[in-house]
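Enquirer: First the structure, then my questions, so here it is.
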Amino acid sequence: MPFGALLELYDNWNGETKVNDDNLEMITKGKTLDIFEQRKDLLDRTVVAFGFYDNLFIVRLAD
């Protein structure tokens, strides 16, 4: 699934999201809406995994 499609399904636009690459290196972290609007370069990348940890939405993207 593309990262942009996952964000469109996620309903907490004011929550915090952390995006990692496939090597678990952080790409970006911030308000979900800001990532969607400011990081258009990530929206077509494939989601490898996602989950929640301490109220933080964490997404891992394929390289």
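Enquirer: Might you report the magnitude of the Cβ-based charge dipole of the chain about its Cα centre, with Lys and Arg at +1 and Asp and Glu at -1, to the nearest 20 debye? Before the final figure, lay out the partial values.
Expert: Working: 7 positive and 12 negative charges, 13 e Å.
Rounded to the nearest 20 debye, it is 60 debye.
Enquirer: Next question. Considering the dipole of the range 3-46 built from charges on the beta carbon (Lys and Arg +1, Asp and Glu -1) around the Cα centre, which of ASN14, PHE36, THR46 is farthest to its positive end?
Expert: Positive-end residue among those listed: ASN14.
Enquirer: Let me ask you something else. Counting other Cβ atoms within 10 Å, keep those with at most 15, restrict to DSSP loop, and tell me which chymotrypsin sites (Phe, Trp or Tyr not before Pro) in the range 1-57 are left. Present the calculation step by step, with values, prior to reporting the outcome.
Expert: On the way: sites: PHE3, TYR10, TRP13, PHE36, PHE50, PHE52, TYR53, PHE57; in loops: TYR10, TRP13.
Counting only loop positions with at most 15 other Cβ atoms within 10 Å, the chymotrypsin sites (Phe, Trp or Tyr not before Pro) in the range 1-57 are TYR10, TRP13.
Enquirer: Select one label from [x] 33; [y] 48; [z] 60: the one whose number is percent of Cα pairs over 16 Å apart as derived from the coordinates shown.
Expert: [x]
Enquirer: Could you go through the range 54-59 in sequence order and give the Karplus-derived ³J(HN,Hα) for each residue, using 6.51 cos²θ - 1.76 cosθ + 1.60 with θ = phi - 60°, rounded to whole Hz, and x for Gly and Pro?
Expert: The phi angles translate into 6, 6, 10, 7, 10, 10 Hz.
Enquirer: Tell me, what ³J(HN,Hα) does each residue in the range 3-18 have, in order and in whole Hz, if you take phi through Karplus 6.51 cos²θ - 1.76 cosθ + 1.60 with θ = phi - 60° and put x for Gly and Pro?
Expert: Working through the residues one at a time gives 4, x, 5, 4, 5, 5, 7, 6, 9, 10, 5, 8, x, 9, 10, 10 Hz.
Read the figures in this text as sums done on the coordinates, not as results from a lab. Just so we're clear, the structure is a prediction, and the values are computed from it rather than from any experiment. Methodologically, a virtual Cβ is constructed for each residue, glycine included, from the backbone with ideal geometry; neighbour enumeration extends over all protein chains shown.
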